[in-house]
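K.L.:
So that we are looking at the same thing, I have put the structure below in structure tokens.
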Amino acid sequence: MDWDRLRIFYHVAKAGSFAGAAHNLNISQSTLSRSMQLLEYRLKTQLFNRVPKGVVLTKEGEILFHKVELMHTSFEEAKSLIQDETSEPQGSLKVASTVALASLWLVELLPGFLKKYPLIEFDIIGHDEKLDVKAREADVSIRPFIADQTDLIQTYLFSCFLELYASPEYLMKFGCPKKPEDLDHHRIITFGESTIRPYSDIDWPLRIGAKPQTTRKPYVSINSSKAASRLAELGLGIVALSKEFPGIDKMNLVRILPEVSGPTIDLYYVYPQALVNSRRVQVFGEYLLEVIPDNFKRKAA
């Protein structure tokens, strides 16, 4: 059996579509489809049912997927153990986080870490969809706490305290809201209607101070915190941002409604129990705890 075909099968099943798997694997959809046809021919069974939005596993496909998932996880764990058999931490480390954390926070911390550990190679995945660290889609994840996962090690890192910001130009033109109810008459930039959201209450500025059972309409929706902050800098509206992101103090933004606080998002360093002895995983986690300022953390943490 060709392991490469099984690996492609695993990614198609996880993505739920040939297009999604082709994107994740960086191969053409035609090559991927042909590989799956050959696998089905070899096994003499149909593994997928085609549906309008992608594919779903047949009963036979589910049987194969569970076994291939175990193989995939074991292979990734073996790679990690081999890479850790050295005196100095080295090898690849796949880190999954939200788009905002990856682009606004992690990139600022990497130079200092790589100066200390130059033999570690990073694969950073900025995606607002949760990746399965148990199935080794990533070695570690920086995310909100994952409930009911006793086989994951989750270490508290810091909290994002969300606040409202606008540019001086916007406030000069439209005035500064004095109370949450005033947001009814302002332009609000939100994350958008994407089904993939980095945390649950992401559009809270549309509801705070609004009449019961009502939600304001956003002026602009965009599923990128970095892009939303830039639109706010350009004077297009009011945006919710975390004061903890590096560089926010240099943006052309001022805090408004200081008595209003949005959700507090606690972030954790998450990895599977199988990597508890991985030097790469341990030194990166220790570094993050070392460089994160104490005022980013909840007092009770």
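The values are calculated or read from the model by the stated rules, or taken from the named source; none is laboratory data. Note that the structure is predicted; figures quoted are calculated from it, not measured. Note that each Cβ is placed from the backbone with ideal geometry, even for glycine, and that neighbours are counted across all protein chains shown. In case anyone asks, the SASA skips ligands and DNA or RNA and just uses the protein heavy atoms, side chains included. Shrake-Rupley method; radii C 1.70, N 1.55, O 1.52, S 1.80 Å.
K.L.:
Kindly indicate whether LEU171 is modelled with pLDDT of 95 or more and in contact with a helix residue (DSSP H, G or I) (Cβ under 7 Å, 6 or more places away or on another chain).
P.N.:
Values: modelled with pLDDT of 95 or more: yes; in contact with a helix residue (DSSP H, G or I) (Cβ under 7 Å, 6 or more places away or on another chain): no.
No, not satisfied.
K.L.:
Inspect all residues belonging to the range 168-185 and state whether any of them is crowded, with 16+ Cβ neighbours inside 10 Å and part of a loop (DSSP other than H, G, I, E, B). Even if it seems obvious, please write down each step before you answer.
P.N.:
So the first thing to find is which residues in the range 168-185 are crowded, with 16+ Cβ neighbours inside 10 Å, and the list is 170-171, 177, 180, 183.
Going one step further and asking which of them are part of a loop (DSSP other than H, G, I, E, B), we end up with 177.
Within the range 168-185, one or more residues are crowded, with 16+ Cβ neighbours inside 10 Å and part of a loop (DSSP other than H, G, I, E, B).
Residue by residue, here is whether (1) charged (D, E, K, R); (2) more than 18 Å from VAL99 (Cβ to Cβ) holds:
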position	(1), (2)
ILE208	no, yes
LYS226	yes, no
ARG230	yes, no
LEU236	no, yes
VAL239	no, no
SER242	no, no
MET251	no, no
THR264	no, yes
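K.L.:
Identify, from the list LEU236, LEU253, LEU231, the residue that is over 27 Å from PRO144 (Cβ atoms) and modelled with pLDDT of 85 or more.
P.N.:
Numbers: LEU253 fails: over 27 Å from PRO144 (Cβ atoms); LEU231 fails: over 27 Å from PRO144 (Cβ atoms).
Selected residue: LEU236, the only one of LEU236, LEU253, LEU231 that is over 27 Å from PRO144 (Cβ atoms) and modelled with pLDDT of 85 or more.
K.L.:
For the range 27-36, state whether one or more residues are surrounded by fewer than 13 Cβ atoms within 10 Å (Cβ to Cβ), within 21 Å of LYS67 (Cα to Cα) and more than 29 Å from the chain's Cα centre (by Cα).
P.N.:
Within the range 27-36 (the criterion being surrounded by fewer than 13 Cβ atoms within 10 Å (Cβ to Cβ), within 21 Å of LYS67 (Cα to Cα) and more than 29 Å from the chain's Cα centre (by Cα)), the answer is no, since none of the residues qualifies.
K.L.:
Restricted to the range 260-285, and to residues that are polar (S, T, N, Q) and in a loop (DSSP other than H, G, I, E, B), which residue is farthest from VAL220 (Cα to Cα)?
P.N.:
Kept after step one, since they are polar (S, T, N, Q), are these residues of the range 260-285: 261, 264, 273, 277-278, 282.
Retained after the next criterion (residues that are in a loop (DSSP other than H, G, I, E, B)): 261, 277-278.
On the way: SER261: 21, ASN277: 46, SER278: 44 Å.
The selected residue is ASN277.
K.L.:
Which one is modelled with the lowest pLDDT among residues in the range 286-295 that are over 9 Å from LEU157 (Cα atoms) and outside any loop (DSSP other than H, G, I, E, B)?
P.N.:
ASN295
K.L.:
Can you tell me which residue is least open to solvent (accessible area, probe 1.4 Å) among those in the range 229-259 that are within 17 Å of LEU106 (Cα to Cα) and part of a loop (DSSP other than H, G, I, E, B)?
P.N.:
For the range 229-259, the residue satisfying everything is GLU244.
K.L.:
When the residues of the range 1-17 are narrowed to those that are more than 22 Å from the chain's Cα centre (by Cα) and of a type outside the set (D, E, K, R), which ends up farthest from GLU137 (Cα to Cα)? Reasoning before the result, please.
P.N.:
Applying the first criterion (more than 22 Å from the chain's Cα centre (by Cα)) to the range 1-17 yields 1-9.
Keeping just the survivors that are of a type outside the set (D, E, K, R) gives 1, 3, 6, 8-9.
Working: MET1: 22, TRP3: 17, LEU6: 15, ILE8: 13, PHE9: 14 Å.
Filtering first and then ranking leaves MET1.
K.L.:
While we're here: Of TYR41, TYR10, which residue is of a type outside the set (A, V, I, L, M) and open to solvent by 50 Å² or more (accessible area, probe 1.4 Å)?
P.N.:
Working: TYR10 fails: open to solvent by 50 Å² or more (accessible area, probe 1.4 Å).
Testing whether each residue is of a type outside the set (A, V, I, L, M) and open to solvent by 50 Å² or more (accessible area, probe 1.4 Å) leaves just TYR41.
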